[in-house]
Amino acid sequence: MTGLRVVQVITQDAGGPVDHAVDVATALVARGHDSHVVGPRTSRTDATRAAGVTWHELPVTSKRDVRGATDVAGRLWALRPDVVHLQDRRAGWLGRGMAPALRARRSGVGVVYTLHGVPDGLSDLVAGNARAAVRRRRDPLLYLTGERLVSRWGGGRVVVPSTAVARYAVDHVGLPPRVVDVVPNGVDADRYKTACPDRPVPRAVWVGVLAPVKRVGLLLDAVAGVPGLDLQVVGDGPLRAEVADRAGRADLAGRVELTGRVADAAPYLAEADLFVLTSAAENCPLALLEAMASGLPVVSTRVGGVPEVVRDGVDGLLCPADDPDALRSALRRLTGDPALRVRLGASARRRVLDGYTLDHCVDRLLETYDASRQG
């Protein structure tokens, strides 16, 4: 494929979709494409520019930010892209809304939207997920009917990082299967050193946003019931004070470290003995792939696309969502069996190298870009 001008559009300044968009943009430069990001400044903006990506600092702060949306639309119009890749929900509505105009001006413009996740109130529509929040009356109208209509209006293709959420897109949103491409997320495995900690007490690491869907309270309660296991919580969010309070109680005192938000989780993964994911709902979490690339055995809830990545008993141990007894049992098993941790961790890294690297992801995205330009 000859060099394309590809524009990644984001409206968030942190989180998995942002990290994914930046990784893809940087990888496209390495393959000879003219790669751009349109969105707010993030902690990775400067490094991304240094890698050769053109970053246009244009924030859209909310659904009501008409000025920001107008600025982004104007920049897309001026850039004359070959492919527009919309990397979060707000960007998806904006970019697909103007897609017919972009195509009318120039034929062959590809429009791609990545469905990174499902709204918390609808999360139980994905196999394995629990419902992560109360379902509001507007949720089906906005996120099912609305998503279906904007997809029809904008055309193009919808990328989904897991088969589980692709089924949601087809069965519940009502998207035609022919426009939905399953493209798992990927990570640059060379960035992650194989974990080889040397400490008398094993350490579990958890990485994410401290929000209700991540079930950090469940994590802390489970670790409290596993003597001889320390925990490092990497991340920040609205539940920070609540998590700190729980971590300071007698049954966890001195065993839990809260790092706050970090720019790069790789050093923390390299110092851990195992990785824990406790979410009620997921798609194809980057934190999980990063931990596996670091050679960490996984204890995770069996939600969304996680079972497509983690083979139970091979790369890690899987538990039902919101099951504290199962989570505690899995943590106890890995805490007490160093040889099992080594075996599962080595398999986890091989799993990433065999199918979940950034190169694997970008190979498939380029196929989607090509298909999107064919109409």
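The values are calculated or read from the model by the stated rules, or taken from the named source; none is laboratory data. What you see is a predicted model; the values in this text were computed from it and never measured. Please note: Cβ atoms are built from the backbone with ideal geometry, for glycine as well, and neighbour counts cover all protein chains shown. When the accessible area is computed, the model is the full protein with side chains, heavy atoms only, and any ligands, DNA or RNA have been set aside. Shrake-Rupley method; radii C 1.70, N 1.55, O 1.52, S 1.80 Å.
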Select from the stretch 280-332 the residues that are outside any helix (DSSP H, G or I), more than 23 Å from residue 121 (Cβ to Cβ) and open to solvent by 50 Å² or more (accessible area, probe 1.4 Å) and list them in ascending order.
311, 312, 314
Being within 20 Å of residue 301 (Cβ to Cβ), within 26 Å of the chain's Cα centre (by Cα) and surrounded by fewer than 18 Cβ atoms within 10 Å (Cβ to Cβ) narrows it down to one of 238, 267, 212, so name that one.
212
Output the residue which, of all residues in the stretch 173-200 that are of a type in the set (A, V, I, L, M) and at pLDDT below 95, is nearest to residue 158 (Cα to Cα).
189
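Determine whether residue 203 is open to solvent by 30 Å² or more (accessible area, probe 1.4 Å) and either among the aromatic types (Phe, Trp, Tyr) or out of contact with any strand residue (DSSP E or B) (no Cβ under 9 Å at 6 or more places or on another chain) (or both).
Values: open to solvent by 30 Å² or more (accessible area, probe 1.4 Å): yes; either among the aromatic types (Phe, Trp, Tyr) or out of contact with any strand residue (DSSP E or B) (no Cβ under 9 Å at 6 or more places or on another chain) (or both): no.
Judged against the criteria, residue 203 is not a match.
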With surrounded by 15 or more Cβ atoms within 10 Å (Cβ to Cβ), of a type in the set (A, V, I, L, M) and farther than 28 Å from residue 310 by Cβ as the only criterion, which of 84, 112, 173, 165 stands out?
84
Kindly indicate whether residue 253 is assigned to a helix (DSSP H, G or I) and surrounded by fewer than 22 Cβ atoms within 10 Å (Cβ to Cβ).
no
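Go through the stretch 352-375 and report how many residues are open to solvent by less than 60 Å² (accessible area, probe 1.4 Å) and assigned to a helix (DSSP H, G or I).
In the first step, residues of the stretch 352-375 are kept if they are open to solvent by less than 60 Å² (accessible area, probe 1.4 Å); the result is 352, 355-358, 361-362, 365-366, 368-369, 371-372.
Applying the additional criterion that residues be assigned to a helix (DSSP H, G or I) yields 352, 355, 358, 361-362, 365-366, 368-369, 371-372.
Qualifying residue count for the region: 11.
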Within the stretch 19-30, is even one residue at pLDDT 95 or above and more than 21 Å from the chain's Cα centre (by Cα)?
yes
Of the conditions (1) assigned to a helix (DSSP H, G or I); (2) without any contact (Cβ under 8 Å) to a residue 24 or more places away in the chain; (3) not basic (Lys, Arg), residue 222 clears all except one; give me its number.
(2)
Cβ-Cβ under 7 Å, sequence separation 6+ or interchain: first residue in the stretch 252-274 and among the acidic types (Asp, Glu), partner assigned to a helix (DSSP H, G or I). Which pairs?
273/341
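Results for (1) touching a Pro at 6+ places or on another chain (Cβ under 6 Å); (2) modelled with pLDDT under 95; (3) assigned to a loop (DSSP other than H, G, I, E, B); (4) surrounded by fewer than 23 Cβ atoms within 10 Å (Cβ to Cβ), shown as yes or no for each residue.
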site	(1), (2), (3), (4)
121	no, no, no, yes
124	no, no, no, yes
127	no, yes, yes, yes
140	no, no, no, yes
169	no, no, no, no
Based on this model, can you work out whether residue 175 counts as in contact with a Pro (Cβ under 8 Å, 6 or more places away or on another chain) and either in a loop (DSSP other than H, G, I, E, B) or β-branched (Val, Ile, Thr) (or both)?
no
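For the stretch 146-194, enumerate the residues that are β-branched (Val, Ile, Thr) and over 18 Å from residue 95 (Cα atoms). Working first, answer last.
Narrowing the stretch 146-194 to residues β-branched (Val, Ile, Thr): 150, 158-160, 163, 165, 170, 173, 179-180, 182-183, 187, 194.
Answer for the stretch 146-194, where residues must be β-branched (Val, Ile, Thr) and over 18 Å from residue 95 (Cα atoms): 163, 165, 170, 173, 182, 183, 187, 194.
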Within the group 323, 354, which residue is over 20 Å from the mean Cα position of the chain (by Cα) and free of Cβ contacts under 8 Å to residues at least 24 places away in the same chain?
323
Out of the stretch 209-219, which residues are assigned to a helix (DSSP H, G or I) and more than 14 Å from residue 241 (Cα to Cα)?
213, 214, 218, 219
Regarding residue 203, is this residue modelled with pLDDT of 95 or more and under 20 Å from the mean Cα position of the chain (by Cα)?
no
